[in-house]
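**Student:** Next up is a structure, given as structure tokens.
The values are calculated or read from the model by the stated rules, or taken from the named source; none is laboratory data. In this text, all values refer to a predicted model and were calculated from it rather than measured experimentally. We place every Cβ from the backbone using ideal geometry, glycine too, and count neighbours over all the protein chains shown. Surface accessibility is based on the protein's heavy atoms, side chains included, excluding ligands, DNA and RNA. Shrake-Rupley method; radii C 1.70, N 1.55, O 1.52, S 1.80 Å.
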Amino acid sequence: MSTHANVLDDLEWRGLIANSTDRDALHSHLGSGSVRYYVGFDPTAPSLHMGHLVQVLTARRLQEAGHTPYLLVGGATGLIGDPRDSGERTLNALDTVKEWVDKVRGQLEPFLSFEGPNAATMVNNYDWTASLSTIDFLRDIGKHFPVNRMLARDTVRRRLDSGISYTEFSYVLLQSMDFLNLHRDHGVTLQFGGSDQWGNLTAGADLIRRVEQGHAHAFSTPLLTKSDGTKYGKTEGGALWLDPEMLSPYAFYQFWLNVEDAKIGELLRVFTFLSHDEITDLEARSAEKPFLRLGQKALAREVTSLVHGSEETDRIEAASAALFGGGDLRALPGTTLAAALVEAGSVTAPAGDGRLGVVDLLVETGLAKSKGEARRTISEGGAYLNNERVTDADLVPGPDDALDGGWLVLRRGKKNLAGVQLV
RNA sequence: GGCGGGUUGCCCGAGCGGCCAAUGGGAGCGGACUGUAAAUCCGUCGGCGUAGCCUUCGAAGGUUCGAAUCCUUCACCCGCCA
């Protein structure tokens with residue numbers, strides 16, 4: 001278990017510090033007692049995703065080491081949107097953002113402790129911005145931001161060509177003001193965030209120095225990328241959402257299970273609470289016998305348990321074993337099949353009159369987006385019924401094809417499975 | 001406010017009256033290899049009742065036998081000038 005002082009060493013070992021203000025000063029500050037720190041989440045969607053998880057878990061590591069978390073959900077900043085390279089954002093409706101604020105808060109809560117001497121606190125920057133007058137804002141905050149320096153910031157400079165609104169340009173002022181207010185009212189002295197937030201983090205620390213002559217710290221976590229340099233976190237359903245309604249826990253688990261070998265150590269360090277020894281050991285064993293996928297299995301188990309609970313993870317593991325175990329599906333009892341296919345996703349279809357063909361079944365189960373895509377998949381040899389390749393697009397599976405319990409196991413490609421129960 | 005440029009499929013981007021469901025790249029998807037890795041190679045990539053039909057090229061009208069391509073109006077974006 002990390003202590004006040006050495007938590008920074010742990011974070012560094014895990015590769016979680018991409019950038020920080022004076023490292024030694026931060027180290028001794030963290031050693032001086034329970035440091036109040038904050039991390040912000042903007043409600044730009046109804047759920048957090050993999051990228052946010054890095055911050056959430058980092059917040060938890062700091063709390064476990066005895067420091068005191070302030071979790072900010074950006075009811076105000078979420079209405080503005082920070083500048084990103086892909087271009088100007090579309091503003092979300094007030095009601096939508098409010099709804100998302102609640103959802104995001106609900107998602108964050110299970111990860112931290114709200115009891116004890118270093119209990120976590122939830123804050124919302126809407127509380128101190130909504131009633132702020134424009135004049136006060138410009139005089140008290142705006143005055144401390146030289147436009148020439150703001151223009152020099154990377155995120156802004158990259159947007160000067162394609163265009164950037166005053167709204168997004170001003171985002172950094174709001175986030176800096178958050179840090180200032182939390183510093184003033186709650187004694188917060190540390191902020192962290194993703195590496196893309198670095199400019200906003202330092203701007204806040206600067207503002208505290210200018211206005212309060214206070215000393216604040218900041219660090220950023222690295223942007224995780226795949227070996228080819230592209231971003232992580234995309235699945236067929238879009239982003240790697242934490243909300244089980246938006247991405248099934250089964251699909252979530254599968255994402256981690258399919259992580260590339262080269263990234264196993266890095267991801268174990270960032271996303272699990274396994275000890276240094278356990279991780280080093282897993283890395284060594286994975287490198288020796290990569291085909292056993294020990295690292296992937298541990299990673300998938302740990303992260304899925306953190307997000308969806310260990311009971312759900314047990315069910316998913318059993319489902320994966322049944323469906324990917326390589327054994328004969330016909331040997332599986334109906335109860336096992338049912339449990340596994342519920343995790344993986346399933347639908348029901350009539351067994352008698354109105355029986356559906358494979359093409360329709362592929363669409364019904366969501367394995368294919370359209371009948372055309374289903375037909376294409378079949379002609380490409382990518383469709384399987386009960387682990388046997390489907391070659392005839394006109395095939396209409398009936399009770400004779402069903403496994404125990406009336407189940408059909410449909411598969412598209414290597415890893416997309418769904419169940420159909422004939423009733 | 002004036003003038004000029006632009007708005008094309010998930011993204012970027014060609015096309016500038018018929019040969020356009022629309023070149024190319026990326027992403028995605030499938031196959032081969034393997035380990036439910038990576039890399040590579042091959043195929044595919046609007047919808048449907050798939051040798052045919054339907055709906056797409058910012059929106060609405062119009063010209064034409066025929067429009068993503070021409071005209072008009074509107075919306076939005078970019079630039080220059082005021």
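**Student:** Condition (residue is crowded, with 16+ Cβ neighbours inside 10 Å, of a type in the set (Asp, Glu) and either under 30 Å from A:Thr365 (Cα atoms) or not assigned by TED's automatic domain parsing to the domain that holds A:Ala65 (or both)) applied to the stretch A:231-253: is it met by at least one residue?
**Tutor:** Checked against the condition, which is being crowded, with 16+ Cβ neighbours inside 10 Å, of a type in the set (Asp, Glu) and either under 30 Å from A:Thr365 (Cα atoms) or not assigned by TED's automatic domain parsing to the domain that holds A:Ala65 (or both), the stretch A:231-253 yields at least one hit.
**Student:** Considering A:Gly357, A:Gly372, A:Gly381, which residue is open to solvent by less than 30 Å² (accessible area, probe 1.4 Å), farther than 25 Å from A:Gln254 by Cα and within 12 Å of RNA strand B (Cβ to nearest atom)?
**Tutor:** Residue meeting the stated conditions: A:Gly357.
**Student:** Only one of these is within 24 Å of A:Glu12 (Cα to Cα) and open to solvent by 30 Å² or more (accessible area, probe 1.4 Å): A:Thr221, A:Thr189, A:Thr202. Name it.
**Tutor:** Unique residue meeting the criteria: A:Thr202.
**Student:** Of all residues being surrounded by 14 or more Cβ atoms within 10 Å (Cβ to Cβ) and closer than 17 Å to A:Pro350 by Cβ in the stretch A:386-400, which is farthest from RNA strand B (Cβ to nearest atom)? Just the residue, please.
**Tutor:** The residue in question is A:Pro397.
**Student:** Considering the stretch A:289-311 alone, what residues qualify as being in a helix (DSSP H, G or I) and within 11 Å of RNA strand B (Cβ to nearest atom)?
**Tutor:** A:Pro290, A:Phe291, A:Leu292, A:Leu294, A:Gly295, A:Gln296, A:Lys297, A:Ala300
**Student:** Mind checking which residues of the stretch A:360-369 are near RNA strand B (Cβ under 10 Å from one of its atoms) and open to solvent by 30 Å² or more (accessible area, probe 1.4 Å)?
**Tutor:** Correct list: A:Asp360, A:Val363, A:Lys369.
**Student:** Residue under question is A:Leu417, and the condition is that it be surrounded by fewer than 17 Cβ atoms within 10 Å (Cβ to Cβ), modelled with pLDDT of 90 or more and of a type outside the set (Phe, Trp, Tyr); does it hold?
**Tutor:** So A:Leu417 does not fit the description; no.
**Student:** Sticking with this one: For the subset of the stretch A:339-391 comprising residues that are assigned to a loop (DSSP other than H, G, I, E, B) and without any contact (Cβ under 8 Å) to a residue 24 or more places away in the chain, which member is nearest to A:Gln421 (Cα to Cα)?
**Tutor:** The residue in question is A:Gly352.
**Student:** Taking only the stretch A:84-108 into account, find how many residues are part of a helix (DSSP H, G or I), of a type in the set (Asp, Glu) and surrounded by 13 or more Cβ atoms within 10 Å (Cβ to Cβ).
**Tutor:** 2
**Student:** Just for helices (runs of 4 or more DSSP H) wholly inside the stretch A:164-282: which have at least 1 residues that are within 16 Å of RNA strand B (Cβ to nearest atom) and within 30 Å of A:Glu343 (Cα to Cα)?
**Tutor:** Result: A:249-257, A:264-271.
**Student:** So A:Ala321 fits all but one of (1) among the aliphatic types (A, V, I, L, M); (2) open to solvent by 50 Å² or more (accessible area, probe 1.4 Å); (3) in the same structural domain as A:Pro249 (by TED's automatic domain parsing); what number is the exception?
**Tutor:** Evaluating A:Ala321 over (1) among the aliphatic types (A, V, I, L, M); (2) open to solvent by 50 Å² or more (accessible area, probe 1.4 Å); (3) in the same structural domain as A:Pro249 (by TED's automatic domain parsing) leaves (3) as the failure.
**Student:** Here is a list: A:Lys226, A:Lys289. Which entry is among the charged types (D, E, K, R), free of Cβ contacts under 8 Å to residues at least 60 places away in the same chain, open to solvent by 30 Å² or more (accessible area, probe 1.4 Å) and more than 20 Å from A:Glu317 (Cβ to Cβ)?
**Tutor:** Sole residue among the options that is among the charged types (D, E, K, R), free of Cβ contacts under 8 Å to residues at least 60 places away in the same chain, open to solvent by 30 Å² or more (accessible area, probe 1.4 Å) and more than 20 Å from A:Glu317 (Cβ to Cβ): A:Lys226.
**Student:** Any idea how many residues of the stretch A:337-354 are within 18 Å of A:Asp404 (Cα to Cα) and either away from RNA strand B (no atom under 15 Å from the Cβ) or open to solvent by 50 Å² or more (accessible area, probe 1.4 Å) (or both)?
**Tutor:** 11
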